[in-house]
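The values are calculated or read from the model by the stated rules, or taken from the named source; none is laboratory data. Keep in mind it's a predicted model, so treat the numbers as computed, not measured. Note: ideal-geometry Cβ built from the backbone for every residue, glycine included; neighbour counts use all protein chains shown.
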Amino acid sequence: MHDAFKVSVALDKFQHKIESIFAYGDKLLVGTQTGALSVYEVHDPIGDEPLAVTLTETFKNFARSKIDQLDIIKEIGVLVSLADSHVSIFDLNTFQLQRQLTKTRGANIFSIDTKIEISEDEGSKGIPMIVTRLAVGVRRKLIIFTWKDSDFTDTKEFPIADRIRAMAWVSPQKLCLGLSNEYALIDITSGNTIDLFSPSSVTSSGTSYISFIGTKVNKPLVTKLPHEEILLAKDNVSIFVGLDGNPTRKVGIDWSGMPEEIGYSYPYLIAILPKHVEVRNLATQTLVQTVELPQARLINAGKYLYIANNSTVWRFIPYSYEKQIDQLVEQLEYEEAISLTKQIEPILLDDKDAKLKQIRNLFAHHLFRQQKFDTAITIFQELETDPAEVIALYPPSISGESDSEGDQESIEKLTEKPLENGTKSHQLSVVKELGSITGDDSQNITSIKDEKLSEAETVVKETEKNENKLEGKVLEEAVSALIRFLTDRRQKTSKILHHLQSNRSVSSTPPGSPSSHRPSLNSLSSLDMHQIMKTAALVDTSLLKSYMIINDALVGPLLRVPNHCNVEESEGLLLERKKYKELVDLYHGKGLHRKSLELLKMLGQSSEGPMKGTLHTILYLQKLGPDHFDLILEFASWVLETDPEEGMEIFIDDHLEVQKLPRDQVLKYLEQFSPDLCIIFLEHIIYGLGDQTSEYHNRLIMAYLNKLRRLNHEIEVNGSSEKIQKSLEETDKKLLNFLDESQFYRAEKILGQLRFDDFFAARAKLLSRLGQHDQALHIYVHKLKDEQMAEEYCIKKYNDKNNPVKKVFLSLLRVYLKPSDGEEVMIEPALRLLSRHGTHVNASEALEMLPPTIKVSQLYGFVEKYIRESNRNRNMNMIVKNLLKADQSQQLMFYRSRRVKIDEDRMCPQCTRRIGHSVFAVFPNGVIVHYHCKDKYSASHETTI
């Protein structure tokens, strides 16, 4: 509870019984049981001055009997009075009777409503005007009087089922009526009535209407509230309903007694109960203040709040809203303070938004100390609180070095005004320790200066922090909530960083420049790159620490994406937990590749551990790319020395960054280790990457040849082994296949580096590539002694689709019969060649090469096959000739059998003139044109059949 109103006695020991009161401006009207009207002038107190009330006029004969009700219609300057069972109109200035509304004879209640409405009259349609309506309850009917501007216009009457005991305008067209046993809404335009519920059926839940048979029925109470709500009461219960008659809130008000009267004075509900007056918050329904006023029974609510009994009138003067809010915060009643602040109009409170944000921030701190972490963090998140302030609430395992600094800054923020920090007694004890007060406790508390109070608050906050230690499951719960906050901050920070990086127009403060306060993340204009980077580092580092506590499996995913973790802090934590893989991810993300590779080398060369071996270094080096080529070569050395085959993955992986490495420099580097590694790399770039560079193709051939020489030399020195022999065969096979398949090596360069007495098969393929078939066949026949290989060579070249060599068999025959280096003439192979492939050589040239000693019988097979092939070719040619001739004859007959008819209507499609007797042309598709039009028509149309 707090003090919402200062209660002062306005009138005391009034000589006649007070029956009605009404206040407006500085005037207080009092109607008595004798019919006298007293007019008082009220002077609101300034500071500690007492309330001053002065009697200005008394009208003893204002009415013949008691004055039941008073009200004014300010817009037309009249006083409305209910006395002598009539409603009368008086001049507001002279209090002279203007008119007695005769239709109101027997009236017991009235209600006034004044609104600005748009005229719908034909002559003045669309013009705003002041419309005042006076509703009067007369026995069992309702009478409505209407004034437009200051002119009385009309009267309406509506029958009512019971006597009206309470009444209030809830809209310009609707009245809420309280009858003896029920409430009703009536529309004065249509006369329709909506029955609400019996006053005897109201419960505090506002949703259950069970009748209380046999209980005493109190008079109905109707109170119009803001936002189209109505408060209806029965006994000690009131519920909230809307203009449609349905409850607007799940819970109603359970008063501590049966209200005599209920009123609304912004922003509070005031109820007169049998023993006291209660003041409640309209939004939360919380009891705000209790005032002991004996036998109070009348209330004048609204801007000027007065309460009266038979002989005394009290004035309720509201304390400043600033003071009320500060008092609530001091009492740690944050929810009430927030509710009150939200209800206050901005014009009535200095910087309402900032005040509300400050209170909510204090509330979040309060909830955090009560270990309601989720709710506290949610508020911090909604307020977009500076992450440093939230992180400072946690122990050093989270807040680290920023703990004391961040906590002090948050304290400075929270103590700009004396709003927070525990109970008065707690504050008092702290201030006493500081030696700043003596004497009466309550008086000293109210006189503490702001700076001393700030010191007290600092001590209190530190004390509360020590008392609210976070450990065990409580710490885990708190950190889980923090992770939610940090994740949200991280997303927003990333967006702001992106904004700042793409809009360089935002001013930049040099690093290290002083800042009076930390900016909130919702104000881009208050941020520069240095500040936001500092905040991002704090958020990400704290998130890393939080993951370490809750679930360290989340550390890796955080470090593998772009982050702003502080390297030094994170490095120490990861090393302490032996999370080497995550540390490597951190280094990689920060571009600290040397530190990563040194760590990987140390771990890889160890004899145990999950990261021993070369694999992790290989995977890391594959990601670096040509920008870090020197670093790749430096740390690839120990990998290649340890495991050359696996180490080659650094240079031959399919990763895009690996493919971009400079190939010449890689080859030069690999030559330092082993020619075999060069072969692996060359095979990768040629076969795997499709490199067509002649130099690389030549280097691969020479690498194969050099390997063959080394293997042969090893066999000569150490003898042959199965492993060496297998390697020799595989290399030789690779060489020959490559010489056949590759189209990009320079054969003449390779030949220039070969000895004449070695690598005959390879030399033959190189000579073949240069078109020197006689020399290639000479090697197959006389060096390799392989007749079959020579014939296969001829067959391949003869049937080559791209470049067939038709005299290749003749070249082989020449090698057999006319060797160039004095070799022996090979008659038998030559005859076998003619027997098998004689049809592929020119017979006369072949016979000229044969020695005269050859018998005709030896040539039988060749001659027979040659003659048969010649006859077959001649017969086939004759068949083809006759078929073509027959086809030509058929086409000629087809065209000769075609006819066209030229009549007078036949038009040329090209020039659109008649063909008549002109020379014409007929296209295969039947189109007929003038002869001189045929070229133009053919150029622009499809004319074939």
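Whether a residue is in the same structural domain as residue 269 (by TED's automatic domain parsing), buried (at least 20 other Cβ atoms within 10 Å of the Cβ) and not in a strand (DSSP E or B) was assessed, and residue 16 does not pass this test. Please determine, by comparing only the residues of region 905-914 that are in a loop (DSSP other than H, G, I, E, B) and modelled with pLDDT of 90 or more, which one is nearest to residue 940 (Cα to Cα). So the residue we want is 910. The single residue among 75, 57 that is of a type outside the set (S, T, N, Q), in a helix (DSSP H, G or I) and over 30 Å from residue 319 (Cβ atoms) turns out to be 75.
Scanning region 598-616 for residues that are aliphatic (A, V, I, L, M) and outside any helix (DSSP H, G or I) gives a single hit, 611.
When residue 65 is tested against (1) part of a strand (DSSP E or B); (2) not assigned by TED's automatic domain parsing to the domain that holds residue 314, just one condition goes unmet, and that condition is (1). Looking across region 640-663, the residues that are among the aliphatic types (A, V, I, L, M), part of a helix (DSSP H, G or I) and surrounded by 14 or more Cβ atoms within 10 Å (Cβ to Cβ) come down to 640, 650, 652, 658. Among the residues of region 229-245, those identified as touching a strand residue (DSSP E or B) at 6+ places or on another chain (Cβ under 7 Å) and in a strand (DSSP E or B) are 229, 230, 231, 232, 233, 237, 238, 239, 240, 241, 242.
Of the helices (runs of 4 or more DSSP H) entirely within region 758-855, those holding at least 3 residues that are in contact with a Gly (Cβ under 9 Å, 6 or more places away or on another chain) occupy 827-837. If the condition is being in a helix (DSSP H, G or I) and of a type in the set (S, T, N, Q), then region 563-597 contributes 570, 596.
In region 149-188, which strands (runs of 3 or more DSSP E) lie fully inside it and hold 3 or more residues that are over 55 Å from the mean Cα position of the chain (by Cα) and within 23 Å of residue 78 (Cβ to Cβ)? Give the derivation first.
On the way: elements: 151-159, 166-171, 174-178, 183-187.
Output list reads 151-159.
The numbered conditions (1) over 22 Å from residue 758 (Cα atoms); (2) modelled with pLDDT of 90 or more; (3) crowded, with 16+ Cβ neighbours inside 10 Å are all true for residue 778 except (1).
Quick check: is even one residue across region 869-877 assigned to a helix (DSSP H, G or I), surrounded by 10 or more Cβ atoms within 10 Å (Cβ to Cβ) and touching a helix residue (DSSP H, G or I) at 6+ places or on another chain (Cβ under 6 Å)? Checked region 869-877: at least one residue is assigned to a helix (DSSP H, G or I), surrounded by 10 or more Cβ atoms within 10 Å (Cβ to Cβ) and touching a helix residue (DSSP H, G or I) at 6+ places or on another chain (Cβ under 6 Å). Looking only at region 676-687, decide whether some residue is more than 25 Å from residue 623 (Cβ to Cβ), part of a helix (DSSP H, G or I) and free of Cβ contacts under 8 Å to residues at least 24 places away in the same chain. No, region 676-687 contains no residue that is more than 25 Å from residue 623 (Cβ to Cβ), part of a helix (DSSP H, G or I) and free of Cβ contacts under 8 Å to residues at least 24 places away in the same chain. Here is the figure for region 664-680: residues that are surrounded by fewer than 19 Cβ atoms within 10 Å (Cβ to Cβ) and under 16 Å from residue 627 (Cβ atoms) total 1. Of the residues making up region 294-313, those that are under 9 Å from residue 10 (Cβ atoms) and either buried (at least 22 other Cβ atoms within 10 Å of the Cβ) or without any contact (Cβ under 8 Å) to a residue 40 or more places away in the chain (or both) are 306, 308, 313.
Under 7 Å by Cβ, and 6 or more places apart or on different chains, what pairs join a residue from region 836-859 that is surrounded by fewer than 17 Cβ atoms within 10 Å (Cβ to Cβ) with one that is assigned to a helix (DSSP H, G or I) and hydrophobic (A, V, I, L, M, F, W, C)? These pairs meet every condition: 842/810; 845/810; 849/813; 849/817; 858/831. For the structure I just gave you, tell me whether residue 206 is touching a Gly at 6+ places or on another chain (Cβ under 7 Å) and either at positive phi or modelled with pLDDT of 95 or more (or both). Answer is yes for this residue.
For region 739-757, name all the residues that are in a helix (DSSP H, G or I) and either among the acidic types (Asp, Glu) or farther than 22 Å from residue 794 by Cβ (or both).
First pass over region 739-757, keeping only residues in a helix (DSSP H, G or I): 739-741, 747-751.
Matches in region 739-757: 740, 741, 748, 749, 750.
Taking region 87-127 as the range and being part of a strand (DSSP E or B) and buried (at least 19 other Cβ atoms within 10 Å of the Cβ) as the test, the residues that pass are 87, 88, 89, 90, 101, 107, 109, 110, 111, 113. Within region 259-278, the set of residues being surrounded by fewer than 21 Cβ atoms within 10 Å (Cβ to Cβ), farther than 16 Å from residue 7 by Cβ and in contact with a Ser or Thr (Cβ under 6 Å, 6 or more places away or on another chain) comprises 264 only. Tell me which residues, restricted to region 699-737, are of a type in the set (Val, Ile, Thr) and under 16 Å from residue 763 (Cα atoms). Listed by number, the residues that qualify are 701, 731. Pairs linking a residue in region 333-357 that is exposed (fewer than 12 other Cβ atoms within 10 Å of the Cβ) to a residue that is of a type in the set (Phe, Trp, Tyr), with Cβ atoms under 9 Å and 6 or more positions apart or on different chains, are 345/266.
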